[in-house]
Amino acid sequence: MTFKRREAAIADAAQALKVSRKTVALTGAGVSTESGIPDFRSANGLWSRFDPIEYGTLGAFRRNPQKVWEMLGELLELVNALPNDGHIALADLEEMGLLNAVITQNIDGLHQQAGSRNVVEFHGSLARFVCLQCRSGVSLEEVLEGELPPSCRHCRQILKPDIVFFDEQISLDVFRKTEKILDDVDLLLVIGTSCQVVPAALIPQTVKRAGGRIIEINLEPALGGLADISIVGSFSEIMRLLIAKVSDID
Ligand SMILES: [Zn+2]
């Protein structure tokens, strides 16, 4: 994409944001790479080093939670990451009344840390840990204060982070929230995700079918003809340019 074409696409996107009555962002791994969190699916990512079936399923956790915690221990290092300018720009858009909600596939909590308030964590989060036996939960802070792996204070079972493993369903509660958020959406920003993991990957089609428009912001475009506006570039850079453009429009 030439510089000029990108400029034009950003101007179109800013205009679309201004006129939209309800805008939602769908984000994926690409928004967190600039915060130093490598895409779990990339060549050096988590799932190239830990077999997803042996380390990323509820079945594996039930069989041998200690072993799955070898992977989870590494995942916990994510909590040291900081939001980047892109996360902050999305929070600013919400503050300006131009963004209704963020639906994220990330479990790192960086949108909330940046100040976004209406966030649906489609694949759960590392902020909470639960006991599979008695369902009691503890916070990330409590887990970080104790020894790993953490265990339930009532029944001594090893705790599972409240993230969605590969063989788990998205919770009904999350589905309901997502449905409500997507109701009457005029504009969907698809950012840093190649939309390969269902059911989150179906969101752009759902919005499109209901008459909404799609803006894609990705390093490598993935939506093809589904996107009305496609902007190629890094999350933080494009969001900085976009917010500047939006602020220019009265
Ligand atoms: Zn318990």
Query raised in the report: Shape call for the range 1-79 from the C-alpha gyration tensor, a ≥ b ≥ c root eigenvalues: rounded (a/c under 1.5), prolate (a/b greater than b/c) or oblate?
Result: prolate
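Multiplying the sequence separation of L58 and L172 by 0.36 nm and subtracting their Cα-Cα distance, what value in nm do you get? Working shown, then result.
Numbers: separation 114, 0.36 × 114 = 41.04 nm, distance 1.74 nm.
Additional length available on full extension: 39.3 nm.
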Query raised in the report: Along the Cα-to-Cβ line of E147, 7 Å from the Cα, sits a label point; which residues in the range 74-113 have backbone N less than 19 Å from it?
Result: 74
**Report entry** Reach of K22 by Cα under 30 Å, taken over lysines that are not fewer than 8 positions away in the same chain
**Finding:** K4, K177, K180, K208, K245
Query raised in the report: How large is ³J(HN,Hα) for each residue in the range 143-152, as worked out from phi by the Karplus curve 6.51 cos²θ - 1.76 cosθ + 1.60 (θ = phi - 60°), to whole Hz, x for Gly and Pro?
Result: 5, 5, 6, x, 8, 9, x, x, 10, 5
Query raised in the report: Could you give the length gained on full extension between V19 and K67, defined as 0.36 nm per residue of separation minus the Cα-Cα distance, in nm?
Result: 12.2 nm
Requested in this report: Run the 1.4 Å probe and let me know the accessible area of M71, rounded to the nearest 10 Å².
Outcome: 0
Report summary line: When the chain is treated as a Gaussian network with springs between alpha carbons less than 10 Å apart, the largest mean-square fluctuation among E147, E220, E168 is found at E147
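Determine the calculated [θ] at 222 nm for the chain from helices alone, applying -39500 (n - 2.57) to every DSSP H run no shorter than 4 residues and normalising by the residue count; nearest 500 deg cm²/dmol. Walk me through the numbers before you get to the answer.
Details: 11 runs with 96 residues, N = 250.
Counting only the DSSP helices, I get -10500 deg cm²/dmol.
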Report summary line: The long-range amide H neighbours of V190, using H built 1.01 Å from N in the peptide plane and a cut-off of under 5 Å, are L26, I215, E216, I217
Query - Cα-centred dipole magnitude for the chain, charges only on beta-carbon of K, R (+1) and D, E (-1), debye, nearest 20 - result: 600
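The values are calculated or read from the model by the stated rules, or taken from the named source; none is laboratory data. Small disclaimer: the values here were computed from a predicted structure and weren't measured. As a convention, Cβ positions derive from the backbone with ideal geometry for all residues, glycine included, and neighbour counts pool all protein chains shown. Keep in mind that these areas ignore ligands, DNA and RNA; they rest on the heavy atoms of the full protein, side chains included. Shrake-Rupley method; radii C 1.70, N 1.55, O 1.52, S 1.80 Å.
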